[in-house]
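Before any comments, here is the structure.
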Amino acid sequence: MRATRLIALAVLLVASAPPIGAQRLFRSTDPVDVTFTTNLRAIIRERDSTRLNTYGAQMTYKDSAGKEVNVPVTLRARGHFRRQQRNCQFPPIRWDAKRADVNNTLFQGLTTLKVTTSCRPGQEEYEQYILGEYSAYRLYQTVSPLHFRTRLARITYKDSAKASPDVTTLAFFIEDDKEMARQNKMQIVETKGALFDDVETTQLMRTTLFEYMVGNTDMSISGLHNIVLLRDSTTLSLNTVAYDFDFTGLVNTRYSSVDPRLRVKRVTDRLHRGPCKTAAEWAPIIAHFQGKKGAIDSVLASIPQLSPARLKSSRDFLDGFWKDMANPGTVKRELVEECQKLGM
């Protein structure tokens, strides 16, 4: 049954070798200052349409020598919840460029990037949400060999028609799905319907335990919601990669919510939605996380833009996870007995 289902899943093949220089943007965790000059008013206004237009833009940044670099790119709104005008003042952005235009720049080898921008630029609370979500991506990198790379940024959006005021905000770049797949020499699976039995067990358990750690229930493997599936061309196994963490208890945005069909009421209430495994099967996965505790603590300490209050709340929330994992009774109740038999 499992082999049949795996064969039935259609995949989008991607090149196995990453483009030369595609690592440059992600070699540092220092924030990069970038300016986009574009039809800002149109991007901000055109967000509830199902057909989103692209807008030409000039991207400007300074290289390591202080020289200004200009790159022609295109921008468009992306996403779902945060793109809708009733939820956010400013949408997430998709960035596209021609390969020739990014050669010998910080963005060399990258032709598509996601840009996660503050939902309400200029408001400190929402700037801290960006930093909280960015920290979640960094934490996932410590426990999962398969992950999306990110780079923190300070972005200024300028209206080319000078009809709207500049928008300056904290943000972060996220590598594109295809680039992430190329980096790992795997293939993207686009077909929905995968169950737990279809997925490589260790990566599945690491991913779902991470989602429990950060308090995320806003994902689905079978629905490919905030989860990318990669197929290993050598072993033919499917592997889970998580993304989009603004509805987590770790970030705890004022606009986040929990599906009313679940037994928890708040995003800060942890709920395990992973596979049903015994305590013995969970033991090495938990030990893997516990072995990364120092690295996880270091990630939070390495983001100086986090406010003292945000840093404390993040550490306090994670402390609850460490206490859970150190208690065999809690592990039994929260992971072994609370689980999904087939998938999610």
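Read-outs: derived from the displayed coordinates by stated rules, not from any lab. Only a predicted model underlies this, so the values are computations on that prediction, with no experimental measurement involved. Methodologically, a virtual Cβ is constructed for each residue, glycine included, from the backbone with ideal geometry; neighbour enumeration extends over all protein chains shown.
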- Message: With unit charges on the beta carbons (Lys and Arg positive, Asp and Glu negative) and the dipole taken about the Cα centre of the range 152-307, which residue among Thr201, Phe247, Gln187 sits farthest to the positive side?
- Response: Phe247
- Could you pull the Cα extents of the range 61-147 along its three principal axes, largest to smallest, in whole Å? 37, 34, 25
- Query: Which pairs, out of Lys158/Lys178; Lys98/Lys162; Lys114/Lys158; Lys62/Lys178; Lys292/Lys341, put more than 24 Å between their alpha-carbon atoms?
  - Reply: Lys158/Lys178; Lys98/Lys162; Lys62/Lys178; Lys292/Lys341
- Item | Convex hull projection area averaged over all views, the range 107-204, Cα basis, nm² | 8.9 nm²
- Query: Counting other Cβ atoms within 10 Å, which trypsin sites (Lys or Arg not before Pro) in the range 94-168 have at most 16 and lie in a DSSP loop?
  - Reply: Lys98, Lys162
- Item | Fully extended contour minus Cα-Cα distance, from Ser233 to His288, at 0.36 nm per residue | 17.2 nm
- Dipole size in debye (nearest 20) for the range 12-179 around its Cα centre, Lys and Arg Cβ +1, Asp and Glu Cβ -1? 360 debye
- Query: Mind listing the Cα extents of the chain along all three principal axes, in Å, largest one first?
  - Reply: 60, 46, 40
- Query: Taking the chain as a Gaussian network, where each spring joins two C-alpha atoms under 10 Å apart, which residue of Asp259, Asp232, Asp96 fluctuates the most?
  - Reply: Asp259
- Message: With +1 assigned to the C-beta of every Lys and Arg and -1 to the C-beta of every Asp and Glu, and no other charges, what is the dipole magnitude of the chain about the Cα centre in debye, to the nearest 20?
- Response: 380 debye
- Does a label point 7 Å from the Cα of Ala42, set along Cα-to-beta-carbon, have any residues of the range 138-165 with amide nitrogen under 18 Å, and which are they? 157-165
- Query: D for the range 191-308, whole µm²/s, Stokes-Einstein with Kirkwood Rh over alpha-carbon pairs at 4 °C and 1.567 mPa s: what number?
  - Reply: 83 µm²/s
- Item | Gain on full stretching of the segment that runs from Arg266 to Arg27 - 0.36 nm per residue minus C-alpha separation | 82.4 nm
- Query: Measuring from label point to label point, each 7 Å out along Cα→Cβ, what is the Arg99 to Val69 span in nm?
  - Reply: 1.8 nm
- Between Ala171, Ala136, Ala283, which gets the highest mean-square fluctuation from a Gaussian network model of the chain, Cα cutoff 10 Å? Ala283
- Calculate the radius of gyration of the Cα atoms of the range 56-108 to one decimal place, then report Dmax, the largest Cα-Cα distance, as a whole number, both in Å. 14.1, 42
- Task: Find the percent of Cα-Cα distances in the range 12-179 that exceed 26 Å, and round it to a whole number.
- Result: 26 percent
- Full-extension gain in nm, Arg254 to Ala163, via 0.36 nm per residue minus C-alpha separation: 29.7 nm
